[in-house]
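A short write-up of the structure that comes next.
The values are calculated or read from the model by the stated rules, or taken from the named source; none is laboratory data. What you see is a predicted model, and the numbers here were worked out from it, not measured in a lab. Neighbour counts run over all protein chains shown; Cβ positions are idealised from the backbone, glycine included.
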Amino acid sequence: MEAMANWYLGQLAIGLLVFVRLISLLIAIPLMTQYLRIRMKFFLAAMLTLVILPSIASFDLAERELFWNHPIFYAVAMAKELLVGSIIGLSINLILVGLQVGGELISNTTGLQMGSMASGQDSAPVPSVAA
């Protein structure tokens, strides 16, 4: 009976670490922030944890018992997962911002070229920015 309780505690410990990483990643990503509220991000992180946990839960039992016997180690592991999830989320945020700035630059350049090409009245190009 004690072995089964230790197994469940180990699964809970690993699941909590996975959940902390996923929730920090989802909170750091600004993707769909208007539509995806914080409650839905928690729900999405919980569902992803349930999907991911069986593939991750193959740790050695001795490592799990180390976490539960020494809560300081578990707190450090949780802080590490929080930091890793935040770094991944902020990296994705940086990539999305770069794509957004690149798209705006292309849009502005194309708009300025179209304005100078088609002046409408005469064949001389007219600057698109009025003086």
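For every residue, the table says whether it meets (1) exposed (fewer than 10 other Cβ atoms within 10 Å of the Cβ); (2) of a type in the set (S, T, N, Q); (3) modelled with pLDDT of 80 or more.
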site: E104; (1), (2), (3): no, no, yes
site: G111; (1), (2), (3): no, no, no
site: S116; (1), (2), (3): no, yes, no
site: V129; (1), (2), (3): yes, no, no
Legend entry - Hits in the stretch 1-44 (condition: among the β-branched types (V, I, T) and either within 14 Å of Y74 (Cα to Cα) or in a helix (DSSP H, G or I) (or both)): I14, V18, V20, I23, I27, I38
Legend entry - Scan of the stretch 1-57 for residues that are exposed (fewer than 13 other Cβ atoms within 10 Å of the Cβ), among the β-branched types (V, I, T) and at pLDDT 85 or above, ordered by number: V51
